[in-house]
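All remarks here apply to the structure that follows.
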Amino acid sequence: MPSCHHAPRAGSSCLEARHEEPPISTDPIARQLLDAVRPELGYRERAGKHTKFGEWYADNIAKDPDFKTAPWCDMFVSWAADRAGVQGHVGEFALTTRHAKWFKKHHAWSDKPEPGAVVFFDWSGSKKIRDIDHVGIVEKVVGGKVHTIEGNVDGVWLKRKVRDTSKIVGYGLPRKVKVAPKAPVTIQPVAAVNASVQSAAPPATRNMAATQGKSLDVVWSPGDAVLPAGLLFAVVSTAVTGLRFKAAAATSGGRHRKR
């Protein structure tokens, strides 16, 4: 199952946060994320370790029912990001170590807290990403203490906590994650595909290796109005196969490690 432990009650540096109005963040991403998590304060894990965050993650992200009862601190963060519409800046993870590495990869890792930051903990105090075992969201920083909102704390709760920095490995800063805009998906007509292939082809005879070790010799020049039917079919088939392969690879690469 994904790693996401909570601090022991005895001897913990964690104190209950006082209920006071937090300052308003000037970062719109942080504000949206915090607006999504505050209404969830007081949520409690149901019998059998079921949570609505695990169920959402299992159904929409992992496509794996085992996540419905998995440790849910990071799935809560992912759920909140989706709810706020900032998942591109926060990520959608269940495994805390992988989530931290994702922020580092996007040059959005910091050792300084700020409202809306995703905070990563290691209760042993190692300061190493590989040892991270809990995650939350920074609400504010007051007097050297980090005020957070976290899921799966004190056994089953979603609540505010106050942390010192001795157990904090680092912070992921959603505002620093650059999200590339998604290009609109359009279906090109065959004529357009034909034209694009003509413009990209070399101006001479082309030999194409056909399937099953055979050779298909096609003579064609850019002046031809239309590709030979056999070549057009081979090009379109290759493009479709490539798209299917990329889609399958993207899906398999998004799975989360279990323990």
- Could you pull out the residue among Glu114, Glu40, Glu45, Glu55 that is closer than 20 Å to Lys176 by Cα and acidic (Asp, Glu)? Glu114
- Subset tally (residues that are under 18 Å from Val90 (Cβ atoms), of a type outside the set (A, V, I, L, M, F, W, C) and in contact with a Phe, Trp or Tyr (Cβ under 9 Å, 6 or more places away or on another chain)) for the range 33-50: 1
- Is the range 108-130 home to any residue that is at pLDDT 95 or above, within 19 Å of the chain's Cα centre (by Cα), surrounded by fewer than 19 Cβ atoms within 10 Å (Cβ to Cβ) and within 15 Å of Pro174 (Cα to Cα)? yes
- Is the range 64-86 home to any residue that is of a type in the set (Asp, Glu) and more than 15 Å from the chain's Cα centre (by Cα)? yes
- Please work out which one of (1) buried (at least 19 other Cβ atoms within 10 Å of the Cβ); (2) farther than 24 Å from Asp164 by Cα; (3) not polar (S, T, N, Q) is the condition Val77 fails and give its number. (2)
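The values are calculated or read from the model by the stated rules, or taken from the named source; none is laboratory data. Treat the numbers as computed from the prediction; the structure is a model and nothing was measured. Cβ coordinates were reconstructed from backbone atoms using ideal geometry, including for glycine residues, and neighbour counts include every protein chain displayed.
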